1. Which value in deg cm²/dmol, rounded to the nearest 500, describes the helix-derived mean residue ellipticity at 222 nm for the chain, given -39,500 (n - 2.57) per DSSP H run of n ≥ 4 and division by the residue count?
2. If each of residue 2 and residue 112 carries a label point 7 Å out from its Cα toward its Cβ, how far apart are those two points in nm?
3. For segment 1-44, what does the alpha-carbon gyration tensor say about shape, rounded, prolate or oblate, given a ≥ b ≥ c as the root eigenvalues, a/c under 1.5 as rounded, and a/b over b/c as prolate?
4. Tilt of helix 13-23 relative to the longest C-alpha principal axis of the chain, in degrees (0 to 90, nearest 10)?
5. Helix 2-11 versus the longest principal axis of the chain: what is the Cα-based angle in degrees, 0 to 90, to the nearest 10?
6. Place a point 7 Å from the Cα of residue 52 along the Cα-to-Cβ direction; which residues of segment 135-156 have their backbone N under 19 Å from it?
7. When ranked by the protection proxy of mean other Cβ atoms within 10 Å per residue, highest first, what sequence do the peptides 128-136, 15-23, 49-57 form?
8. Can you put 107, 112 in order of Cβ neighbours within 10 angstrom, beginning with the fewest?
């Protein structure tokens, strides 16, 4: 159950990476020489917004995978701890996969455009996660969802029936 939960959660990082690549803004850079670019507006909020989108997608992914994993584990009695550990380990992998897909997607095309473009050409920089602490959102939200569901279930079970 541990490996199944980890693998199922990790696979969720693939669509999350493509979603991040699709919705996150990119900074505009100007080619100053072949192979070299500079950010047009150093005060742009594109870098912060890209990190925010990464964290938001990771948080939603964590809440969904944690809740769905708990729901599936509830049907199989006695396997809760293994499933919970698998979900959290899978969430770490999902966040890494999401980062890898999102960042790697535009690098090759950007480098090619940078190498062949004349000075003054405006390009969109590829995604990058500036705040690597954003990788923690998916596993933390997974653990939060599992904890809330387990505490609620135990509280309901311990409550005297009327």
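A short reminder: the numbers here are calculations on the coordinates, not readings from a lab. No experiment lies behind these values; they were computed from the predicted model shown. Cβ sites come from the backbone with ideal geometry, for glycine too, and all protein chains shown count toward neighbours.
1. Helix contribution divided over all residues of the chain: -22500 deg cm²/dmol.
2. For the pair residue 2/residue 112, the computed spacing is 4.4 nm.
3. Cα axes put segment 1-44 in the prolate bin.
4. Computed tilt is about 40 degrees.
5. 30
6. It comes to 135-138, nothing else.
7. Most protected by this proxy first, the peptides run 49-57, 15-23, 128-136.
8. 112, 107
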